[in-house]
Every structure is written in structure tokens, then in C-alpha cells.
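*Asks:* Below are the C-alpha cells for one structure; questions will follow.
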Amino acid sequence: MNTTFDWYYFFGYYLMKLFSINQNWIILIGSGVVLVSFLLLSNEKNREPVFIDLDKCDACNLCSYDCPYEAIDMLMKDGKRKAILSLEKCVGCTICIGSCDEHAISHPLFPQYNFEQSNKVDMTVFSCSYFPQHEFPRELNVQEYKVPCLGSVMAKDVQKILDNNSEKIAFLGCEDCYYRLGKTWAINRFLRKRAPLFSKKI
Ligand code: SF4
Ligand code: SF4
């Protein structure tokens, strides 16, 4: 009969050879604490929550469908259905901002767009704040807006920029969305598969 020996036990036996039982317990518990702290510190809760202006909310439900963290519930408030935010669950991804055609949701990291017609450029670029450092060709006159997540770009705003500022727009986003669904929702809205839909002109 062959007795097999799993390789990962070698590590434990080697430590037992080097250190006393008490020291081994300290190493075991210490590495557990380091691992748990790392997981807690590296989770996605790294931004402050969004703010929802309930006076502007018309209870369309879209933000509650789109939030990847189930942080918005449609509940009764002062006799009306409203989008109510759970501060504990919200990670500040801002994806819900792109869901809201009423501009009811805001976040301090969201840029101010310049819709002035005097601000004409060759191209307007929306780049995800997690997208790596990049440069544009010098001959191209570009207005770049760094957005907290591509999912936060509103269809209405893109239309306004196309009407006033530039005929071309571009989105720069990461291969894997840091907040899971931002890129997917942005693409689906562009393709008119998910509300709020982008204009047919885009
Ligand atoms: S997307 Fe805007 S209008 Fe619709 S429920 Fe959410 S906050 Fe209200
Ligand atoms: S910011 Fe992100 S996590 Fe917070 S409510 Fe909006 S979609 Fe949900």
C-alpha cells in the first residue's frame, strides 16, 4: 500500500522544527489576523456614499435595479415612494448616478461638465478614475472628464455634450470594472438595451 503525503504539510512540519509550540501558535494566530485585516482593508468600501435628493426622485426604480450592492430600496416616505439609500451598503461606486435621468443623485467625485457652446473640442472623453495614466495625441483638442465609474455617465449629459461641445465622444474604461457592473451597464445603455436609454442619434 502506498501512503501519500500532501506537500503543504511540509511547511507546518518545518515551522514545528524551527519554533516551539507556543511560537507556532503565535505565528498561526498572527498570520490569521494579518490576513483578515488585509481583506477588510482591501474591500470595496473606499468612497463616501452618494446623496439622493428625494425631492427630485420620481420613483422610477432604475437606481435600485442598477445598484450592484443592493443599497437602494424603494420605500414609502411621507406618503410617496422614494429611493432610500442604505448608508451601510453603499460603496460610493456612483453607478446609480448614471441610472437617474432626474439628476437626483450626486457624489463629490463626480465632475462638473462644461456644456457651454464656447467649449468646443474635437472629442470629449469620459475616463474611469481607475483607468491607467494616459495621453492623447497633441493635435487632438480633447476635453477629458474623469468620472468615478463609467456607469455614472448619464445618457442625457452625453446628448447635451454632443449637441453643444463635440461631435465625438469616447469612453475609457477598465477591462474588469472595479465595481463589477459599471462598464456593463454603460455599454448596455449605449446599445439601448437598458434604461435610461441613450438617444438613437448616438
Ligand atoms: S433613478 Fe432617480 S428618479 Fe429613479 S428612483 Fe432612483 S433616485 Fe428616484
Ligand atoms: S453609489 Fe453604488 S453602491 Fe451606492 S447606491 Fe449608488 S450604485 Fe449602490
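*Asks:* Check whether at least one residue in the stretch 106-122 is at pLDDT 95 or above, over 21 Å from the mean Cα position of the chain (by Cα) and among the β-branched types (Val, Ile, Thr), and report yes or no.
*Replies:* yes
*Asks:* Here's something else I'd like to know. Out of all the residues in the stretch 69-78, which are more than 14 Å from ligand 1 (Cβ to nearest atom) and surrounded by 14 or more Cβ atoms within 10 Å (Cβ to Cβ)? Steps first, answer last, please.
*Replies:* Within the stretch 69-78, the subset more than 14 Å from ligand 1 (Cβ to nearest atom) is 69, 78.
Within the stretch 69-78, TYR69 is the sole residue that qualifies.
*Asks:* Quick one: is VAL91 touching a residue at least 40 places away in the same chain (Cβ under 8 Å) and closer than 24 Å to PHE198 by Cα?
*Replies:* no
*Asks:* Go through (1) in contact (Cβ under 8 Å) with a residue 12 or more places away in the chain; (2) within 14 Å of the chain's Cα centre (by Cα) one by one and return the number of the condition ASP176 breaks.
*Replies:* With (1) in contact (Cβ under 8 Å) with a residue 12 or more places away in the chain; (2) within 14 Å of the chain's Cα centre (by Cα) applied to ASP176, the lone miss is (1).
*Asks:* Right, here's the next one. Residues in the stretch 43-52 that are surrounded by 14 or more Cβ atoms within 10 Å (Cβ to Cβ) and modelled with pLDDT of 95 or more: how many?
*Replies:* Of the residues in the stretch 43-52, 3 are surrounded by 14 or more Cβ atoms within 10 Å (Cβ to Cβ) and modelled with pLDDT of 95 or more.
*Asks:* Has the stretch 79-101 got at least one residue that is modelled with pLDDT of 95 or more, within 9 Å of ligand 1 (Cβ to nearest atom), closer than 25 Å to TYR130 by Cα and part of a loop (DSSP other than H, G, I, E, B)?
*Replies:* yes
*Asks:* Give the stretch 104-159 a look and list any residue that's surrounded by 13 or more Cβ atoms within 10 Å (Cβ to Cβ), among the hydroxyl-bearing types (Ser, Thr, Tyr) and out of contact with any helix residue (DSSP H, G or I) (no Cβ under 8 Å at 6 or more places or on another chain), or say none.
*Replies:* SER127, SER129, TYR130, TYR145
*Asks:* Taking ASP66, is it charged (D, E, K, R), at pLDDT 85 or above and exposed (fewer than 11 other Cβ atoms within 10 Å of the Cβ)?
*Replies:* Details: charged (D, E, K, R): yes; at pLDDT 85 or above: yes; exposed (fewer than 11 other Cβ atoms within 10 Å of the Cβ): no.
For ASP66, the condition - charged (D, E, K, R), at pLDDT 85 or above and exposed (fewer than 11 other Cβ atoms within 10 Å of the Cβ) - is not met.
*Asks:* Run down LYS56, LYS82 and say which single residue is more than 15 Å from GLY182 (Cβ to Cβ), surrounded by 15 or more Cβ atoms within 10 Å (Cβ to Cβ) and more than 10 Å from ligand 2 (Cβ to nearest atom). It would help to see each step written out before you state the result.
*Replies:* On the way: LYS56 fails: surrounded by 15 or more Cβ atoms within 10 Å (Cβ to Cβ).
Of the residues listed, the single one that is more than 15 Å from GLY182 (Cβ to Cβ), surrounded by 15 or more Cβ atoms within 10 Å (Cβ to Cβ) and more than 10 Å from ligand 2 (Cβ to nearest atom) is LYS82.
The values are calculated or read from the model by the stated rules, or taken from the named source; none is laboratory data. All of these numbers come straight from a predicted model, not from anything done at the bench. Neighbour counts are summed over all protein chains in view; Cβ atoms, including those assigned to glycine, are modelled from backbone coordinates with ideal geometry.
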